[in-house]
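Readers should treat all values here as calculations from the given coordinates under stated rules, not as data from a laboratory. Given the structure is predicted, the values throughout are model-derived calculations rather than measurements. Backbone-built Cβ (ideal geometry, glycine too); neighbour counts: all protein chains shown.
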Amino acid sequence: MRLSGSETILAVDDDPIMLELVAGVLNPLGYKVLLANCGEQALEIAASHQDKIDLLLTDVLLPGIKGQELARQIITTCPEVNVLFMSGYLCPSMAHSHNEKGVEAFLQKPFTPSAMLQKMRKLLD
């Protein structure tokens with residue numbers, strides 16, 4: 001399975017270390033990575049970004065706007081976006097119970113870079 005890509009990923013997490021790790025894995029593989037530390041900042045980035053956002057990689061539990069609501073709002077304005085939830089507090093079955101249009105995958109934290117890339121490629125390919 002190909003793990004590199006040229007897609008634009010909007011990564012949202014209130015943990016700066018997690019954002020650094022995501023960017024550190026994705027940037028060298030050719031992805032364009034947009035980083036936000038909360039849902040509000042992610043909405044601002046999505047609204048001002050000129051090009052297509054291919055994937056929203058978001059934590060479920062964020063300060064302010066939670067991951068599910070963030071996904072719902074971004075899908076409204078960017079219906080082609082794929083969504084990959086991540087969380088250290090929810091089990092995958094709980095995440096699936098919150099699925100909305102476009103929300104198709106879940107990553108349990110902690111996860112390996114390989115696991116993240118494989119889930120992303122499944123959604124993007």
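Tabulated data for the structure shown
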read-out: Residue-span extension gain [Leu21 to Glu44] - 0.36 nm each, minus C-alpha spacing; value: 6.1 nm
read-out: Net charge dipole size for the stretch 8-120 [Lys, Arg +1 and Asp, Glu -1 on Cβ; Debye, nearest 20]; value: 260 debye
read-out: Förster radius 30 Å - calculated FRET efficiency between Phe111 and Glu69 (Cβ-Cβ, nearest 0.05); value: 0.85
read-out: Rough spin-label spacing in nm, given labels placed 7 Å along Cα→Cβ, for Asp125 and Tyr89; value: 3.4 nm
read-out: Burial ordering of Val22, Val12, fewest other beta-carbon atoms within 10 Å first; value: Val22, Val12
read-out: Efficiency of FRET from Cβ geometry, Asp51 and Thr76, R₀ 25 Å, rounded to 0.05; value: 0.85
read-out: Estimated D of the stretch 8-120 in µm² per second, where Rh is the Kirkwood radius over Cα pairs and Stokes-Einstein applies at 37 °C, 0.692 mPa s; value: 239 µm²/s
